[in-house]
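One structure is given here, and the rest of the page talks about it.
The values are calculated or read from the model by the stated rules, or taken from the named source; none is laboratory data. A quick note: this is a predicted structure, and the numbers were derived from the prediction, not measured. All Cβ positions, glycine included, derive from the backbone under ideal geometry; neighbour counts span all protein chains shown.
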Amino acid sequence: MTVEEFNNTVDLYADNLFRFILSNIRDEEKARDIVQDTYEKLWLKVSDVECSNAKAYMFSTGYRTMLDAIKREKNKTDLTEVSNKNLGRNEQYSDLKEVLNEALSKLPEIQRTVILLRDYEGYNYAEIGDLTGLKESQVKVYIFRARTFLKEYIGKLENVI
């Protein structure tokens, strides 16, 4: 990959990568740092990465960098489990994006990641498997479970609107 191709890759995919990371970790500064680290790693491997594989390399590297950051953060903080009994929504609310983001934040990390890659970024099952290191069948299971949870969490559309 040439310097010009690297710059084009940055221009084309930086926003998508940032949105993907941000939707997973919900912290703009950390998301920017992860994207920056991803581009640094791509720059260090610029001679080894082909331009046609740059997007996949970026997303898989960004995903792994994000996982490393999350693991470091988990070691620093005490996380509590969410009770499934309190996950339903009973009150009416009209901001669908906020409701969906809240529901996505309740998903386990891997389910959130695969659902975002599939439904937000448009990757197919095989590509998601390559990016996350999962088998295609595992990706399908995680997406099914995530969609089932989201459906139960959000409930009927009339309750949300």
Subject >> Criterion (modelled with pLDDT of 85 or more and surrounded by fewer than 14 Cβ atoms within 10 Å (Cβ to Cβ)) met by exactly one of Leu44, Leu96 >> reply: Leu44
**OP:** For segment 102-151, enumerate the residues that are surrounded by fewer than 17 Cβ atoms within 10 Å (Cβ to Cβ), under 20 Å from Thr61 (Cβ atoms) and of a type in the set (Gly, Ala, Ser).
**Re:** Gly122, Ala126, Gly133
Subject >> Residue count for segment 106-123, restricted to those that are closer than 23 Å to Lys71 by Cα and not in a helix (DSSP H, G or I) >> reply: 2
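Residue by residue, here is whether (1) closer than 18 Å to Ile128 by Cα; (2) in a helix (DSSP H, G or I); (3) without any contact (Cβ under 8 Å) to a residue 60 or more places away in the chain holds:
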position: Val10; (1), (2), (3): no, yes, yes
position: Phe20; (1), (2), (3): yes, yes, no
position: Val35; (1), (2), (3): no, yes, yes
position: Leu42; (1), (2), (3): no, yes, yes
position: Ser52; (1), (2), (3): yes, yes, yes
position: Met66; (1), (2), (3): yes, yes, yes
position: Arg72; (1), (2), (3): no, yes, yes
Original post:
Given the residues Ala103, Ala126, which is the only one that is part of a helix (DSSP H, G or I) and at pLDDT below 85?
Top reply: Ala103
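Each row is one residue, and each column tells you yes or no for (1) hydrophobic (A, V, I, L, M, F, W, C); (2) under 21 Å from Val114 (Cβ atoms); (3) not assigned by TED's automatic domain parsing to the domain that holds Gly129.
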residue	(1), (2), (3)
Leu17	yes, yes, yes
Arg32	no, no, yes
Glu40	no, no, yes
Leu44	yes, no, yes
Cys51	yes, no, yes
Ala54	yes, no, yes
Tyr57	no, yes, yes
Gly62	no, yes, yes
